[in-house]
There are 2 protein chains.
Amino acid sequence: MEVRPGRPLDNAAAMIEHLRAARTDGADLVVFPEMAVPGYLIGDEWEHEAFLRECEECGEEVRAASEGITAVFGSVALDWQRRNEDGRVRKYNALFVAENGRWAGPACGPYPFVVKTLLPNYREFDDSRHFCDLRKLALEENQPVERLLAPVRTERFSLGCLLCEDAWDADYAVSPLAALSRHPVDLYVNINASPFTLGKNAKRHRLFSQWAARLARPLVYVNNVGIQNNGKTVFTFDGSSCVYDGRGRVLACGRAFEESADTAEIAPEEPFADGTPSAKDGVPEVYRAVHYGTRKFMELCGVRRVAVGVSGGIDSSVAAAVYSRILPPEDLLLVSMPGPFTSETTRRIAERLAARLGTGYVEVPIGESASLTRRQVNGLTVPGGNGRPQETLRIDPLLFENVQARDRSARVLAAVSAAFGGVFTCNANKSEATVGYTTLYGDLAGYFANLADLWKTEVYELARYLNREVLRGPGIPEEALRIAPSAELSPAQNVDEGKGDPLVYPYHDRLFASWVEWWNRTTPQEILEWYAAGELESKLGYEGSLTDLFPDPAAFVADLERWWDLYQGMGLAKRIQAPPVLALKRRAFGFDHRESQMGARYTRKYLALKERLLRGQPRGTSCADS
Amino acid sequence: MEVRPGRPLDNAAAMIEHLRAARTDGADLVVFPEMAVPGYLIGDEWEHEAFLRECEECGEEVRAASEGITAVFGSVALDWQRRNEDGRVRKYNALFVAENGRWAGPACGPYPFVVKTLLPNYREFDDSRHFCDLRKLALEENQPVERLLAPVRTERFSLGCLLCEDAWDADYAVSPLAALSRHPVDLYVNINASPFTLGKNAKRHRLFSQWAARLARPLVYVNNVGIQNNGKTVFTFDGSSCVYDGRGRVLACGRAFEESADTAEIAPEEPFADGTPSAKDGVPEVYRAVHYGTRKFMELCGVRRVAVGVSGGIDSSVAAAVYSRILPPEDLLLVSMPGPFTSETTRRIAERLAARLGTGYVEVPIGESASLTRRQVNGLTVPGGNGRPQETLRIDPLLFENVQARDRSARVLAAVSAAFGGVFTCNANKSEATVGYTTLYGDLAGYFANLADLWKTEVYELARYLNREVLRGPGIPEEALRIAPSAELSPAQNVDEGKGDPLVYPYHDRLFASWVEWWNRTTPQEILEWYAAGELESKLGYEGSLTDLFPDPAAFVADLERWWDLYQGMGLAKRIQAPPVLALKRRAFGFDHRESQMGARYTRKYLALKERLLRGQPRGTSCADS
């Protein structure tokens, strides 16, 4: 089901309706996701007593609606007599089983509900902030935690009940599944609120299939759809619920990003062949998540009309193309804002894009306003006095680039989109966002950054996929894919002369990914060690040669430090004021990748190695040799 | 000491220098703060192996420098053989004792360092994200946690060692101090990385004084100074380290927000009278934290020159006055940007403010640019086609207000401050930030929002304090304190006619504080229940009468819902893109008060009560009656 975060009344009403329909269909057991009543990523809403009481009431209403059927669902469970360690009321992330209007709880333990044992506290997860886990409860109760991990015996089934992380026990001292398997269990049920991350589903499928086979019991994995957010970071939930038989084979599988009531006959002879999750995610899954996440975020914010500033470049073209698959053409407006350095080439691409997508298109030039700003500020005199000398202000060329970028977003797009009755988009990609190659209140402005978890090279892949599989026929003009990526804010960024961004995306995207997305995230120290050992290309998976990019170690180091300084410096300062980001992969900016402004930092080892290299040690000599 | 987050080399060098000086002074024991080597609020920097290894090395260097002295300090401790529950290397928030070049660890337990037992996971704290606590370690070791809580016996002392939260055990099942007190202890040492929060110091002082008296032993409380941040939220650390004797009396106390090496003779006859922490924080402490936090944040970001957009209103006047106490007059520029609705009154106040503060002052009018934007967008035609009808855009008066606000910040201030070689400030207060009564990319823009944790009424208090105690003589023009608070963006906001903001600050500030800052944060349900019972004024501490503000329940409810909708809707959307906020009190926006975009929400109980009230039930009748 789609869970609406912070809306227990809506969620409970949907659940009760699902129960009614399932009963009519003759189902025995209905399984809803984790935190189906309150939602999961709801910030500090957990501190509102009125909200918590309403969640309790809604849970009771679902229980009352379980006549003639068994319902399993997740919600917050309260113990108003105990305290959490923050001094607030005791809260559990809990699984409830209701049957024939009554609660059924685990055989052991103080509560008629199942308490989550393993609480994740990494990436976007903060479970320990609000919930007490079964391990702490066991300590309080002076019981071994394994004793509290007993199945729920209803009149119909013995259910091995788990919540999400409980099954991902590899790095924990406790294995809830192992503990449950010491009892007779008919069926395992794992309820989840598990955000989409590229590649996660295949891993998840392997895990649960193996668990079912190992336990020799059917297993139901249920996840919600919808979007939920941490303010800065917006997560999609793809559902993709699955039922496995006791040999680990898929009996039924819901479609990704779709609400559906899927019924499976547990333990038939032959497993379903259909709907088996694909082994590997790729561009189609990225597109689906971008499309779904954007559509749902618009719904959440009540956005009905959208303006996209189109430059003729690839990012804005992809953004426009994605929105053209969500909105009717009359509600999407493409805005071209040619400035002093805009080429006829890109202006034409922008115009052609609008024609191909069939949307409205306007041109609002920024030349006059940018000149006015220059006129007003350049030569402006700050009179002296009180011992202060007189001073005259100057707009240098770099500052004039930023003036143009801000003029486009904060002046034109903000006004045009509001007059159009809508919002404007932020088309930034992850490469720009990482190093702040973008202007604050300029191209980094907008209501939502739905491409900001994709490297520039991935934006190109998405563009090709859109043209090939989604838009077909006339899509993004081919020229947008061919021209040099460029901001066109100065003569040095003339696309017609093949000039543009200072980033060599095939290399820098991989370098930045190693800083941000790798499990063992790198720092300049590892990068320089690999460079010195001649291994950097293979470590990063860069197919070109670094000697083509950087003639000598000095050039390599200068580039590395340039971008690292920006990543930890201005890039971060800009990210703090950036729009919400749609999370697609590991370590989206915001709550999934937490950062502190501390300025750029280099270890002593890095500095020593750099000194050696710049003194002329040849590349290819391992630093272990010296 | 001042701890520089993410800079182990700098911190270790400072510690070694302190040890050298202390040895010369004949000190026996030197105590440094929690996480003195790595810093504490450093985001996910904990995942960099190169950083962790450097922290280890730096710790070894401090140990080596402990010849002839005992050093206690906090750092991250690693166990490279074990894993945390997130699968990453095992990390502890640890206290190290080094004496004569050797480590001294607790009598029991697997490590030569003390592991933090109680990990806070509320407000800005996320300890469980990165650290394993002593309770989990005890489970792994199959030992009761109390057994691992033994003193550290050095050649000189038996030290009862604690880390910060370990002493705040009221809501935990374990009391580290109680466990330690079962052993002979000469001295208790509590090391901290505890951010400043208005009013916290008095509470802390009470707690530690009571502990020392109860344990009948001297106790040393050490906290760092400096600032550290979570990206969005910037925290000051005030130090205020204290030594208590065995009767709970203060022997020595460091000054707030100052690095100093304070020496105390433990167990003398008479306690110090000086330096006893004040019982209650007030405006002086707020000013000190604003001044300190702003100065340190500028240092951190390398900001040397600042432009403040001055409107003649109170917020920008206070901002300018604070910066005038940090920067020399030639590095502070006040920028007045009169627009079509700016009064001569406020323009004059702004000019006078600059003259009084002795800073530079320029006027850059926005009329021409705002007109240009109106001319370019108003009447702009989106041609029809593909079945789309032609459409003509209009700039309505509200939109024109936003055009002016954005023109000031994103066009003028951004360019002027950059040409001045500096940044520009965000002068938003917490009242505006709560309900988004501010323009994104307009007055909500800037490099830092140092007043955004203060309600409007608190900004007035700060203004009066600045004039009386800090600036003395000619300070903020009195008129700025007298005129109606107004954005001056439309004829309806004419200050000369006493018109201005739609907020009645003495009431709304208290209402909003109940939503954001109260321990039991309210929702419209509680507010309406109290209103219905005639108790709202006293519950909020509002000294006026609500019937003067709202003639009937319908007016009251309309006002309540207007601001609640904005608080949970557009206000939040704007906060996500707001500058970093300086935290001063409980629940600063950002990491201290986590929010999810979910739209405005009302409980069923609220809706039912509202319906009853609007049907005419008189105010003063308790809802329990019905």
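How many partner chain Cβ atoms sit within 10 Å of a residue's Cβ in peptide A:118-129, on average, as a whole number?
Taking the mean over all residues of the peptide, I get 5.
Indicate the gyration tensor shape class of the stretch B:8-281 (rounded, prolate or oblate), computed on the Cα atoms with a ≥ b ≥ c the square roots of the eigenvalues: a/c under 1.5 is rounded; otherwise a/b larger than b/c is prolate and the rest oblate.
It comes out rounded by the Cα gyration axes.
Please report, for the Cα atoms of the protein assembly as shown, the Rg to one decimal and the Dmax as a whole number; what are they, in angstrom?
31.0, 93
Suppose every Lys and Arg Cβ carries +1 and every Asp and Glu Cβ carries -1, with no other charges. What dipole size does the protein assembly as shown come out with about its Cα centre, to the nearest 20 debye?
Details: 146 positive and 168 negative charges, 95 e Å.
Rounded to the nearest 20 debye, it is 460 debye.
Take every residue in peptide B:394-401, count the Cβ atoms of other chains within 10 Å of its Cβ, and give the average of those counts. Don't skip to the end; give the middle numbers.
Numbers: counts 3, 4, 2, 0, 1, 4, 1, 0.
Per-residue shielding by partner chains comes out at 2.
Let me know the Rg and Dmax you get for the stretch A:504-626 when you use only its Cα atoms, in Å.
Using the Cα atoms of the stretch A:504-626, the pair Rg, Dmax is 15.2, 47 Å.
Over all directions, the average projected area of the alpha-carbon convex hull for the stretch A:127-227 comes to how many nm²? Can you show the working numbers first?
Details: hull surface 31.7 nm².
Taking a quarter of the hull surface, the average projection is 7.9 nm².
When the scattering of the stretch A:108-176 is computed by the Debye formula from its Cα atoms alone, each counted once and equally, what is log10 I(q)/I(0) at q = 0.22, 0.24 Å⁻¹?
Per q value, in the given order, log10 I(q)/I(0) is -1.01, -1.16.
Using the number of other C-beta atoms within 10 angstrom as an exposure proxy, rank B:Thr457, A:Thr439, B:Thr154 with the fewest first.
If I rank by nearby Cβ atoms, fewest first, I get B:Thr457, B:Thr154, A:Thr439.
Based on DSSP, what percent of beta bridges with both residues in the stretch B:225-379 are antiparallel, to the nearest 5?
The antiparallel fraction comes to roughly 55 percent.
Looking at the stretch B:8-281, send over the antiparallel percent of its DSSP beta bridges, to the nearest 5. Don't jump to the answer; show the numbers that get you there.
Numbers: 32 of 45 bridges.
Counting DSSP beta bridges with both partners in the stretch B:8-281, the antiparallel share is about 70 percent.
Say a label goes 7 Å from Cα toward Cβ at A:Leu207 in every copy; what distances in nm does this one have to the rest, shortest first?
Copy-to-copy label distances at A:Leu207, shortest first: 3.6 nm.
Using the charge dipole of chain A (Lys, Arg: +1 at Cβ; Asp, Glu: -1 at Cβ; taken about the Cα centre), state which of A:Ala410, A:Met1, A:Gly105 has its Cα farthest towards the positive end.
A:Ala410
Using a 10 Å cut-off around each Cβ, can you sort B:Ile191, A:Ile527 from fewest to most neighbouring Cβ atoms?
Least crowded to most crowded, the residues run A:Ile527, B:Ile191.
Using only alpha carbon pairs under 8 Å that are at least six residues apart, calculate the relative contact order of the stretch B:504-626 and give it in whole percent. The partial results should precede the final answer.
Values: 95 pairs, mean separation 46.0, N = 123.
Once normalised by length, the contact order is 37 percent.
When each pair of different Cα atoms in the stretch B:316-460 is counted once in the 1/r mean, what is the Kirkwood radius in angstroms, to one decimal? List each step's numbers first, then the result.
Details: mean 1/r = 0.0590 Å⁻¹.
When all Cα pairs of the stretch B:316-460 are included, the Kirkwood radius is 16.9 Å.
Cβ neighbours within 10 Å, averaged per peptide: list B:503-509, A:516-522 in order, most packed at the top.
Taking the mean over residues of other Cβ atoms within 10 Å, the ranking is B:503-509, A:516-522.
Order A:112-125, A:24-37 from most to least packed using the mean count of other Cβ atoms within 10 Å.
A:112-125, A:24-37
How large is the helix-only mean residue ellipticity at 222 nm for chain B, computed as the sum of -39500 (n - 2.57) over DSSP H runs with n ≥ 4, divided by its residue count, in deg cm²/dmol to the nearest 500?
Numbers: 23 runs with 226 residues, N = 626.
Estimated from H runs of four or more residues: -10500 deg cm²/dmol.
What's the average, rounded to a whole number, of partner chain beta-carbon atoms within 10 Å of each residue's beta-carbon in A:572-583?
Rounded to a whole number, the mean comes out at 4.
Sorted from shortest, what are the nm distances separating the label point of B:Gln81 from equivalent points in the other copies, each placed 7 Å from Cα along Cα to C-beta?
So the label point of B:Gln81 gives 4.4 nm to the other copies.
Of the peptides B:599-610, A:86-97, how do they stack up when ordered by the mean number of other Cβ atoms within 10 Å, highest first?
Highest to lowest by the protection proxy: A:86-97, B:599-610.
What is the antiparallel percent of DSSP beta bridges lying wholly in the stretch A:1-95, to the nearest 5?
Percentage antiparallel, nearest 5: 70.
For the residues A:Ile483, A:Ile314, what sequence is obtained by ranking on other C-beta atoms within 10 Å, fewest first?
A:Ile483, A:Ile314
With the Cα gyration tensor of chain A in hand, give its eigenvalues times 5 under a square root as the equivalent ellipsoid semi-axes, listed largest first in whole angstrom.
49, 29, 25
FYI, it's all coordinate maths here, none of it is from the lab. Just so you know, these numbers come straight off a predicted model, no measurement behind them. So basically every Cβ, Gly included, is an ideal-geometry build from the backbone, and we count neighbours across all protein chains shown.
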